[in-house]
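The values are calculated or read from the model by the stated rules, or taken from the named source; none is laboratory data. All values derive from a computational prediction rather than experimental measurement. Cβ placement follows ideal geometry from the backbone for every residue including glycine, while neighbour counts extend to all protein chains displayed. In case anyone asks, the SASA skips ligands and DNA or RNA and just uses the protein heavy atoms, side chains included. Shrake-Rupley method; radii C 1.70, N 1.55, O 1.52, S 1.80 Å.
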Amino acid sequence: MADPVTHRQPSLAERAMAARGEAAAIGYLANLNPEQRAAVETIDGPVLVLAGAGTGKTRVLTTRIAHILASRRAFPGEILAVTFTNKAAREMKERIGHLVGEAVEGMPWLGTFHATGVKMLRRHAELVGLKPGFSILDTDDQIRLLRQLIQAENIDEKRWPARVLAGAIDGWKNRALTPDKVPAGEGGAYANGLGVKLYKDYQDRLKVLNAVDFGDLLLEVIRLFRENPDVLAHYQQRFKFLLVDEYQDTNVAQYLWLRLLAQRQEGRPQNICCVGDDDQSIYGWRGAEVDNILRFDKDFPGATVIRLERNYRSTGHILAAASHLIAHNEGRLGKTLFTDGEDGERPTLTSVWDSEEEARSVGEEIEQLQRQGHALNEMAILVRASFQMREFEDRFITIGLPYRVIGGPRFYERLEIRDALAYLRCVAQPADDLAFERIVNTPKRGLGDATLQLLHDHARARNVPLMQAARVMVETEEFKPKARNALKSLIDAFDGWAAKLDTLPHQELAELVLDESGYTEMWQKDRTAEAAGRLENLKELVRSMEEFENLAGFLEHIALVTDARGEGESDDAVSIMTLHSAKGLEFDSVFLPGWEEGLFPHQRALDESGRAGLEEERRLAYVGITRARRNARIYFAGNRRIHGLWQSTVPSRFVNELPEGHVTIAEGLGTSGYGGMGRGGFGESRFDKAGAFSSTYATPGWQRAQAQKSLADAQGRFTGRSGSQAFGSTFAEGRGGFQGRLTERSGGGRTIDGELVAKSTGEPSRHKVGDRVFHLKFGYGEVVAADGNKLTVQFDKAGEKKVVDSFVEAA
DNA sequence: CCAGTTTTGGTTTTT
DNA sequence: CCAAAACTGG
């Protein structure tokens, strides 16, 4: 631990403290294998840790930080550690806390790239032409703003949708391309060459609005550093150690950002440590450059590269299958995972007739595992595309299997949350035009396009915010009386709220705003299936504000956070999610359906990115398999409904890339009992049934599905989309009753042949024929038949369904 | 301005 | 086929 020359001689006290640190360090270092230990202890100079799946990546990262702290090489504030997600950042903070004990009060510079960017930008906002209170636009604001600019240019919005332009701008920003740097060819691709001009207009407009988008959080910092060497030097000197998680996911902007901070300085080693796995790079399509990790040692000459190949997660066969598959990729650094653990079960390969049978098979296997004592929480279904989820949801509802969809729309993206936030933004920052526009006529106040247009013109002409324009204009005769009055009372309301900003606790203020604005009422009157959930989410939003000191702090947080999960860990439920959102997670049993050409690898990935696309798809497959600790089960169907029509499909090439010796061809569970659909091995099931039926509804799969549907009598638990459960407490709790039921089922319910033998209570239902009822998933409907606790309900939107009594309530 | 209807398009997702 | 967005008529 020789100090670099530039360091002053440590004092005696410091040396004694360091010695204590060293002693404590031995405790945590002892838990590491030699490679991990090397990754932790190689402190000076650039280090790249290639951490295969399940090799203890996070442990290395956190221990390394703990080690730096414990050995007193740096104070917490002198370490910059960046992650991609808030979740990862949170997890790291927690684990460092555990390692170091209470000694460290947090790490101020451990966070996402974006959060770190904001922090720096707020401090130096003026240097890049912003005011410190700048607001952060999300995708939706961004699109609305672009739409205005597109309209201003008189461009046909049908042909050139704003979201396409938003995508293009995003892409440019990912690559750190400012408007002047966009390659001519690309800029011309949008709206006859107006793309770049619009990009520029957009940036100008952002400055006027004192706003930035997500991309700017990186780009503006880069600009800040480049144009202000003193600021850059300040941060370079401050951060003695840089750590980067998931380096394979960095885009060009993030790479440049890091490189500036990590620049070589006189007499000081580049203490940058990047951790990642090129084989798990699955975000190329949103700008990640695998190349960053592939050429790390060129960017940082003299880098130490450490491979973590000892896997602690999966059994031998699973690891072998995954390794063999990924070995088909050419553009990789190459790692060979191994384990000392047992071989375990071979991954299975199951050929099914169609997606319906796929869902049924998976359901049966899950129930079988459950009977063997496996927790549903330890099982996951990982799909390539979210449309695949539906079939599983339907099936699980039918058999009453609790499930949980991970991913879905994120909490903050929900309409009601965004509306509520817009109100709060207007209160906190009256100049926030985009927020104002959003809520000016929500709930309906009779302030339509015409009024808004007038407001816009006025605001634009005087160069003032919309709110200000409105304030002036309500005193004139420019509006029709109706609009004028509506606007007047809205402004008065905002004045009232703003006056209470400093006196009223922000939580109460939020409630007041939502009530007085009529927003809550709007949803109370709404009778659609979602309304109840939306109100629940609004309550949750207010509740979640508790943790923040004031409104501004809360709004800052919310702009950067997309917590997709509050996760009802208490419920035992199977997880359904995309392969992408499964990265970083692990389960005992993993089900991998839909391994068919066109779907996985996805056709579009192949068409748009060719070989690189194929390799990324293969990495996805690798990520999927390596999520499994003990069981990995792969499925492919011979027929799948794509855009409504049945198409026959070919097994994925990835299936054939699995090593024969490490997989088992499933002999079909044979429990289906329906016409003995022999699910033999490869293709067999396709062979004996295809041909006779061309497509459409004549297929046996479809007919059987119909038969099965009418048999399905048990209604599954509604285990809400996780998105609605963000911010801690669950959606289900809010509506009462469901949690209890859930436990009842997981304890006692038995299934035979996939059909839930609903332990019919025999008691007549609370609801009788003709009653109006409400169901969380299907919405409102009318009971058309009742048999004990089983009801047949004609839902207004979802059609006729058989549901268990306990899942509906009187409407 | 709203409700009901037609049209359209339908990988992956974080900040 | 099915959900969301874009239209159209009251």
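On the phi > 0 side of the Ramachandran plot, part of a helix (DSSP H, G or I) and modelled with pLDDT under 90: is that true of A:Gly106 in this structure? Before the answer, list the steps.
Numbers: on the phi > 0 side of the Ramachandran plot: yes; part of a helix (DSSP H, G or I): no; modelled with pLDDT under 90: yes.
So A:Gly106 does not fit the description; no.
Does at least one position in the range A:617-639 carry a residue that is over 23 Å from the mean Cα position of the chain (by Cα) and polar (S, T, N, Q)? Yes, the conditions are met somewhere in the range A:617-639.
Total residues in the range A:318-333 satisfying the condition of being open to solvent by 20 Å² or more (accessible area, probe 1.4 Å), part of a helix (DSSP H, G or I) and of a type outside the set (Ser, Thr, Tyr): the figure is 2. In the range A:644-673, the qualifying residues are those that are of a type in the set (Ser, Thr, Tyr) and either farther than 16 Å from A:Arg633 by Cα or under 31 Å from the mean Cα position of the chain (by Cα) (or both), and the one that is modelled with the highest pLDDT is A:Ser652. Of note, A:Ala125 satisfies the criterion of being free of Cβ contacts under 8 Å to residues at least 12 places away in the same chain and either in contact with a Pro (Cβ under 7 Å, 6 or more places away or on another chain) or farther than 30 Å from A:Leu337 by Cα (or both).
For the range A:421-464, a tally of residues being within 35 Å of the chain's Cα centre (by Cα) and farther than 27 Å from A:Val542 by Cα returns 3.
Per the listing A:Glu266, A:Glu246, the residue uniquely assigned by the TED database to the domain that holds A:Gly56 and more than 23 Å from the chain's Cα centre (by Cα) is A:Glu266. Candidates A:Lys207, A:Lys200, A:Lys181: the one that is away from DNA strand B (no atom under 14 Å from the Cβ), in contact with a Gly (Cβ under 8 Å, 6 or more places away or on another chain), among the basic types (Lys, Arg) and over 19 Å from A:Leu560 (Cα atoms) is A:Lys207. Screening A:Ala81 on (1) at pLDDT 95 or above; (2) within 16 Å of DNA strand C (Cβ to nearest atom) shows it passes everything except condition (2).
Do we have A:Ala612 as more than 9 Å from DNA strand B (Cβ to nearest atom), open to solvent by 10 Å² or more (accessible area, probe 1.4 Å) and of a type outside the set (D, E, K, R) here? Answer is yes for this residue. When the range A:144-175 is examined, which residues are found to be outside any helix (DSSP H, G or I) and at pLDDT 85 or above? Hits for the range A:144-175 are A:Pro161, A:Arg175.
So in the range A:387-409, with the set limited to residues that are of a type in the set (Phe, Trp, Tyr) and open to solvent by less than 20 Å² (accessible area, probe 1.4 Å), which one is nearest to DNA strand C (Cβ to nearest atom)?
Among them, the one singled out is A:Phe392.
Evaluate the range A:169-178: report whether one residue or more is in contact with a Phe, Trp or Tyr (Cβ under 9 Å, 6 or more places away or on another chain) and surrounded by fewer than 19 Cβ atoms within 10 Å (Cβ to Cβ). Within the range A:169-178 (the criterion being in contact with a Phe, Trp or Tyr (Cβ under 9 Å, 6 or more places away or on another chain) and surrounded by fewer than 19 Cβ atoms within 10 Å (Cβ to Cβ)), the answer is yes, since at least one residue qualifies.
Within the range A:628-649, take every residue that is part of a loop (DSSP other than H, G, I, E, B) and under 18 Å from A:Ser386 (Cα atoms) and give me the one that is nearest to DNA strand B (Cβ to nearest atom). Here the answer is A:His643.
In the set A:Glu437, A:Glu391, which member is part of a helix (DSSP H, G or I) and in contact with a Ser or Thr (Cβ under 8 Å, 6 or more places away or on another chain)? Step through it out loud before you land on a result.
Working: A:Glu437 fails: in contact with a Ser or Thr (Cβ under 8 Å, 6 or more places away or on another chain).
The conditions single out A:Glu391.
Examine the range A:334-356 for a residue that is crowded, with 23+ Cβ neighbours inside 10 Å, in the same structural domain as A:Ala605 (by the TED database) and in a helix (DSSP H, G or I), and state whether such a residue exists. Yes, that holds for at least one residue.
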